[in-house]
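The values are calculated or read from the model by the stated rules, or taken from the named source; none is laboratory data. Keep in mind it's a predicted model, so treat the numbers as computed, not measured. Every residue, glycine among them, receives a Cβ derived from its backbone with ideal geometry; neighbour counts consider all protein chains shown. The area values use the complete protein model at the heavy-atom level, side chains included, leaving out ligands, DNA and RNA. Shrake-Rupley method; radii C 1.70, N 1.55, O 1.52, S 1.80 Å.
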Amino acid sequence: MTIDIQDVKVKIKLLKDAGKTLAQVDLILFDGWTEHGWRVMTSEHLNPILQEHIWIQSPCFRIGSTWKEMVFVDDKKLYEKLQEKIYDSYHLSKIKQDQEQNSASFENGEPIEEIPF
């Protein structure tokens, strides 16, 4: 079976004050298979695909002092496209959240002025 990137939908939940984890991600494949546990995280290293200090982490569990991935995508090109799709969804969710926060600072179409004390 061949998986096309169009067969994958991304659901993002932005997180606040969660340390390095910026968002939780659910991947929905073929409208019938959902993978929970993907994460968008900050990184000290530049992601070579995304050109940003972001790390896309697949679901994993801890064994001793190491982490073992539960999901592994064998096709490298598909995995890169998957990272791009997750990043794009994360970025769009972040922009939407920023716009909603900015629109909340307006009342009746006019900016709310802060009165200095």
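So here's what we get for this one:
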| quantity | calculated |
| --- | --- |
| Close pairs from the range 45-61: first part of a strand (DSSP E or B), partner acidic (D, E) and open to solvent by 10 Å² or more (accessible area, probe 1.4 Å), Cβ under 8 Å, at least 6 apart | C60/E69 |
| The range 44-56, residues that are open to solvent by less than 30 Å² (accessible area, probe 1.4 Å) and over 15 Å from L15 (Cα atoms) | N47, L50 |
| Residue, nearest to the chain's Cα centre (by Cα), within the range 62-76, restricted to residues that are part of a strand (DSSP E or B) and of a type outside the set (F, W, Y) | E69 |
| Complete set of residues in the range 1-28 that are modelled with pLDDT of 95 or more and touching a helix residue (DSSP H, G or I) at 6+ places or on another chain (Cβ under 6 Å) | V10, I12, L14, A23, V25 |
| Some residue of the range 77-93 being open to solvent by 70 Å² or more (accessible area, probe 1.4 Å) and more than 17 Å from the chain's Cα centre (by Cα) | yes |
| Residue within the range 28-40 that is open to solvent by 40 Å² or more (accessible area, probe 1.4 Å), closer than 24 Å to Q97 by Cα, in a loop (DSSP other than H, G, I, E, B) and not small (G, A, S) present | no |
